[in-house]
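Notes to accompany the following structure.
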Amino acid sequence: MNIAIVGAGYVGLPTGLALAYLGNDIVFIDVDSEKIELLKKGKIPFYEPYLNEMLNLTKDNVKFTTDYKSGLKNISIVFICVGTPADENWKPNLTNIKAVAEMIGEYRTKKLEYVVNKSTVPIGFGKMLHNLINKDHTSKHIKGKNYITVVSNPEFLREGSALYDTFYPDRIVVGSDEINGIEAVSQLYSPIVNQNFTPPSFLQRPNGLSAVPIVTTDLCSAELIKYAANAFLAMKISFINEIANLCEKVGGDINEVAKGIGLDSRIGRKFLNAGIGWGGSCFGKDTSALIEMAKEYGLKLHMIEAARIVNYNQRTIIIEKLKTQIGNLANKSIGILGLSFKPNTDDLRDAPAIDIINKLLSEGAYVKVHDPVSLQKFLSMTNKSNIYGNTDVYKVIEGCDAVFVLTEWDIYKELDWQMVKRLMRGNVVIDGRNALNRELLIKSGFIYIGVGR
Ligand code: UGA
């Protein structure tokens, strides 16, 4: 199958490279010429495990271009994978995706039959997409150009494990109001649904996985499934964080509580890790978009609103905890270990670390930062004085009154705590992800502060 992927980012690249691995010929189209040039040289423009290896394996089946006209030649399916970032009113900004639809409409050939949308869009946008792409059609049979069927195929992959999630997803959702669209996209995914492909050596199939469920539905339901899934996960994290805050008052341990409730199969243990809350490009944007969309129908989404309040409060509560230990923050040196919104990514969008750093700076602290992959990206984004960064974690820790761990990278779990103790001026370690060995730290003479423990 000849497939075009519009948008070579966090969603487009894993999707396109996985489809290439499964035997399709892929053209990536992206307006960012710098990114396309890098990809042509075999370089991945952002940090995501195994994308380099996958590009290497599939290089004979993939092409990269900024030009829609040549890109869409011979293509029968286009996947749209462009960003829909939140605008100043927290609504998804649809400028990019509308421009993509116009370009596809303009440059589609007779061969093009299906446009599959993976970008997260407001509910009902699929119908608008259909009209934008088919706008010069008054009937299904127009000379020279095909009528295009629009399909929604929401993305559930997580950054940091994008390729794994693409090959071994919990489910695939395919929504369209036209049955041929559902059939074509289901067929494309059949090697993943039936798990009958040979796994790449670096991404072994999980034990016991023999098939992946596929949910086929209408366009609108598919779009809503995406938002509902992210909102539910966001609420689950906020729920455990609220219980963690209660644990601190009553003297419980949130890890024990999470284990105790997570073993109930109706609840499940995943996404019950308490801490400084969610960040990233998705949960914040999608929960707010859902709230705004519901408002347009006169509906208030109480639970999702509450989840957001709990989430963003976690970023303040953690600083209050520090202040109870070391008092006023003016002129104190505070170490920040971890900037990315989670491990295995260099993504800093809505990263809790950024808010926490800004609050520390506003209280007069001197902030020293480290991250194994996003340090340079962070430093190039900030023009603030009073921030020092170093790729050597021990240089960052040196002289600090307190240290926060804000992203649970493995290197922080494996620190030499005796050395940390010698290097620090103070002895407070705040574990914003409950990732460290609490007993070891206490034994090493630190004041250990976690979340909900
Ligand atoms: C999320 C969803 O998990 C994906 O299914 C979805 O496809 C994606 O958004 C998207 O809409 O594109 P992602 O943002 O990559 O994926 O990251 P997650 O692994 O979901 O983590 C989100 C945030 O929640 C991170 O900051 C993480 O540290 C935090 N988190 C996660 C917790 O605080 N506690 C947990 O138990 C789990």
Inset, instruction - Determine if segment 421-436 includes at least one residue that is without any contact (Cβ under 8 Å) to a residue 24 or more places away in the chain, open to solvent by 40 Å² or more (accessible area, probe 1.4 Å) and assigned to a helix (DSSP H, G or I). - result: yes
Legend entry - Segments classed as strands (runs of 3 or more DSSP E), wholly inside segment 303-414, with at least 1 members that are without any contact (Cβ under 8 Å) to a residue 60 or more places away in the chain: 366-370, 387-389
Inset, instruction - Taking only segment 1-16 into account, find how many residues are within 18 Å of P49 (Cβ to Cβ) and either open to solvent by 10 Å² or more (accessible area, probe 1.4 Å) or touching a strand residue (DSSP E or B) at 6+ places or on another chain (Cβ under 7 Å) (or both). - result: 7
Legend entry - Among the candidates S161, S221, S210, S152, residue that is of a type outside the set (D, E) and over 26 Å from the mean Cα position of the chain (by Cα): S210
Legend entry - When residues of segment 364-386 are limited to those that are in contact with a helix residue (DSSP H, G or I) (Cβ under 7 Å, 6 or more places away or on another chain) and farther than 21 Å from N344 by Cβ, the one surrounded by the most Cβ atoms within 10 Å (Cβ to Cβ): V367
Legend entry - Check on I26, within 16 Å of the ligand (Cβ to nearest atom), open to solvent by less than 10 Å² (accessible area, probe 1.4 Å), not small (G, A, S) and not in a helix (DSSP H, G or I): no
Legend entry - Test: residue in segment 292-311 that is among the aromatic types (F, W, Y) and over 17 Å from L224 (Cα atoms): no
Legend entry - All positions within segment 27-44 that are in contact (Cβ under 8 Å) with a residue 24 or more places away in the chain, in contact with a helix residue (DSSP H, G or I) (Cβ under 8 Å, 6 or more places away or on another chain) and not aliphatic (A, V, I, L, M): F28, D30
Inset, instruction - Being of a type outside the set (S, T, N, Q), assigned to a helix (DSSP H, G or I) and in contact with a helix residue (DSSP H, G or I) (Cβ under 7 Å, 6 or more places away or on another chain) is the filter here, so list the residues in segment 1-18 that pass it. - result: L13, P14, L17, A18
Inset, instruction - Restrict the check to segment 185-206 and report whether at least one residue is open to solvent by less than 30 Å² (accessible area, probe 1.4 Å) and within 23 Å of M128 (Cβ to Cβ). - result: yes
Legend entry - Any chance Y366 is within 27 Å of Y47 (Cα to Cα), of a type in the set (S, T, Y), over 26 Å from the mean Cα position of the chain (by Cα) and more than 16 Å from the ligand (Cβ to nearest atom): no
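The values are calculated or read from the model by the stated rules, or taken from the named source; none is laboratory data. Values in this document were obtained by computation on a predicted structure and should not be read as measured data. Heads up, the Cβs are rebuilt from the backbone with ideal geometry, glycines too, and the neighbour counts pull from every protein chain shown. Side chains are part of the model used for accessible areas, which takes the heavy atoms of the whole protein and leaves out ligands, DNA and RNA. Shrake-Rupley method; radii C 1.70, N 1.55, O 1.52, S 1.80 Å.
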